[in-house]
Amino acid sequence: MLTKRLIACFDVKNGMVTKARKFFDNIDIGKAEDVAVEMYDSGIDEIIFFDITASNEKRKIDIEMVKKVASHVFVPFTVGGGIKTLDDMYEVLKAGAEKISVDSMAVRNPSIITEGAKAFGNQCMVLSMQVKKVGKTEKIPSGYEIAIDGARTFTGMDALEWAKRGEELGAGEICVNSIDNDGMHEGYDRELTFAVADIVNIPVIASGGAGKPGHLAEIFRHDGVTAGIISSMLYSPRLEKNYTVKELKDYLTAEGIHVRPFEM
């Protein structure tokens, strides 16, 4: 059985980590580098940063922010937002990131996945998907539609078909974020996450909805779901109780789920 990973994922705007509900109603948490250091010190397995306004503002990702974070954390670090070309990817990797996340740009230009995989390896390419449950139609047989641009633009693309195509294009990992569950703390969309994990042969990251340790145990019962994003559980002011990484790993271990040993 693969070791399950706990990932802290941060949306960054103007250098600040911000937390939303269903991609809106944001609350600022703190400076990106400070939050990253706090999560690293807490024993997190991996960190993901999204520069959420880079694409809309038609600018490159904030490379200085990437450098600051990379200089303070020493766990796998994924970066997304405003990445359009191989040169952009190279800049991000040179700045200290280990993986590149593509989302809206991958929908607009799917070949960017293949180009990145050929240049840097499949393991560097993470396909991030923003997904909303819309009901089954002839065009969207799974009932789940892909959105882009921070969930502002709906594409008419079926989520399962896009996940499979992303794998074929060269993605080495897929992050499945439920728009409906995002920031709600009521659990991941298991139907969606398991459906993606069943259709691809690469690791799947569950995102959107974690609020208590049991939510992690639910999704980790599926072998194909190898990681869960737990940001809200660690620091969200909207939760009555926040958890430490140690508490979460102790719980999962007691549930018989294989996680990386807690280290400080």
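The values are calculated or read from the model by the stated rules, or taken from the named source; none is laboratory data. The structure presented is a predicted model; accordingly, all values stated were derived computationally and were not measured. Ideal geometry is used to build each Cβ from the backbone, glycine not excepted, and the neighbour counts take in all protein chains shown. Each accessible area value is taken on the protein alone, full model and side chains, heavy atoms only, with ligands, DNA and RNA left out. Shrake-Rupley method; radii C 1.70, N 1.55, O 1.52, S 1.80 Å.
Laid out as a table, the results:
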| quantity | calculated |
| --- | --- |
| Relative contact order for segment 103-158, counting Cα pairs under 8 Å that sit 6 or more residues apart, in percent | 26 |
| Cα-based reach from Lys139 at 16 Å (exclusive), listing aspartates and glutamates while leaving out same-chain residues under 8 positions away | Asp158, Glu161 |
| Partners for Lys67 among lysines (Cα-Cα distance below 28 Å; same-chain residues under 8 apart left out) | Lys4, Lys13, Lys19, Lys31, Lys58, Lys84, Lys94, Lys99, Lys118, Lys246 |
| DSSP-assigned coil residues among trypsin sites (Lys or Arg not before Pro) in segment 165-254, each with at most 11 further Cβ atoms within 10 Å | Lys241 |
| At most 16 other Cβ within 10 Å, DSSP loop - GluC sites (Glu not before Pro), segment 181-251 | Glu186, Glu240 |
| Highest to lowest packing among 199-205, 151-157, scored as the average C-beta count within 10 Å | 199-205, 151-157 |
| Arg5 long-range amide H proximity, modeled H, under 5 Å | Ala227, Gly228 |
| Spin-label model distance (nm) - Thr253 vs Lys31, 7 Å beyond Cα toward Cβ | 3.4 |
| Bridge type composition, the chain - antiparallel percent by DSSP, nearest 5 | 30 |
| Net charge, Leu127 excluded, C-beta distance under 14 Å - Lys, Arg +1, Asp, Glu -1 | -2 |
| The chain: DSSP helices with Cα axial extent of at least 20 Å and average Kyte-Doolittle hydropathy no lower than 1.6 | none |
| MRE, 222 nm, helices only [DSSP H, n ≥ 4, -39500 (n - 2.57), over the chain, to nearest 500] | -9000 deg cm²/dmol |
| For segment 49-160: rounded, prolate or oblate by the Cα gyration tensor [a/c cutoff 1.5] | prolate |
| Computed magnitude of the charge dipole of the chain (debye, nearest 20; Cβ of K, R +1, Cβ of D, E -1) | 240 |
| Test item: Cα-centred dipole of segment 109-264, Lys/Arg +1 and Asp/Glu -1 on Cβ, debye | 200 |
| Carbon and sulfur %, accessible surface of the chain computed with the full protein complex present, 1.4 Å | 50 |
